[in-house]
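Written below as structure tokens is the structure these notes are about.
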Amino acid sequence: TVVVLGCKPSKALWARVHVGVEVHRATGATLVMTGRGESGPMAEASGLAAEHLVLEDRATTTRENAERTFELLGDVPVTVVTQWWHLPRAMRHFRRHFTRAEGKAVWHAHAGAVREIVAWAAHLTGRA
């Protein structure tokens with residue numbers, strides 16, 4: 001299962017969706033779009049049929065992305081797609097729920113890297 005982590009509509013989200021769709025097409029794996037629902041229409045705009053998508057539209061944080069995806073799927077192998085600077089923290093959350101979780105780094109759209117430093121600080125101090 002390929003899990004594309006959502007974020008606000010941006011170049012970063014388009015890059016994540018693009019990589020997620022590529023992995024789906026290469027493997028045939030189910031594609032889960034997390035977050036507030038913006039990524040599903042983007043995947044469809046990339047030519048992916050709606051029946052190949054699972055939408056998780058309640059999560060508002062990376063931790064919730066992992067929790068809600070686990071609630072939807074159970075403990076299945078997942079490949080988590082997000083920017084390289086977000087991937088280490090995302091994997092910490094997903095590995096708490098999934099026995100087999102690997103990451104797929106997106107190497108485009110670096111604008112959120114500074115925000116990620118703040119998110120790590122919150123994560124390490126227990127506030128996220």
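The values are calculated or read from the model by the stated rules, or taken from the named source; none is laboratory data. What you see is a predicted model, and the numbers here were worked out from it, not measured in a lab. When we count neighbours, we look across all protein chains shown, and the Cβ atoms used for this are built from the backbone with ideal geometry, even at glycine. Side chains are part of the model used for accessible areas, which takes the heavy atoms of the whole protein and leaves out ligands, DNA and RNA. Shrake-Rupley method; radii C 1.70, N 1.55, O 1.52, S 1.80 Å.
The table that follows gives values for the structure above.
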item: Those residues of the stretch 86-99 which are open to solvent by less than 30 Å² (accessible area, probe 1.4 Å) and touching a residue at least 24 places away in the same chain (Cβ under 8 Å), in sequence order; result: H86, R89, A90, H93, F94, F98
item: Any hit, the stretch 31-38, residues being of a type in the set (S, T, Y) and over 18 Å from M91 (Cβ atoms); result: no
item: Unique residue being surrounded by fewer than 15 Cβ atoms within 10 Å (Cβ to Cβ) and either in a strand (DSSP E or B) or free of Cβ contacts under 8 Å to residues at least 24 places away in the same chain (or both) when the list is E71, E44; result: E71
item: Residue, surrounded by the most Cβ atoms within 10 Å (Cβ to Cβ), within the stretch 25-41, restricted to residues that are modelled with pLDDT of 85 or more and over 11 Å from the mean Cα position of the chain (by Cα); result: A29
item: Residues of the stretch 7-24 that turn out to be touching a residue at least 12 places away in the same chain (Cβ under 8 Å) and exposed (fewer than 15 other Cβ atoms within 10 Å of the Cβ), as a count; result: 4
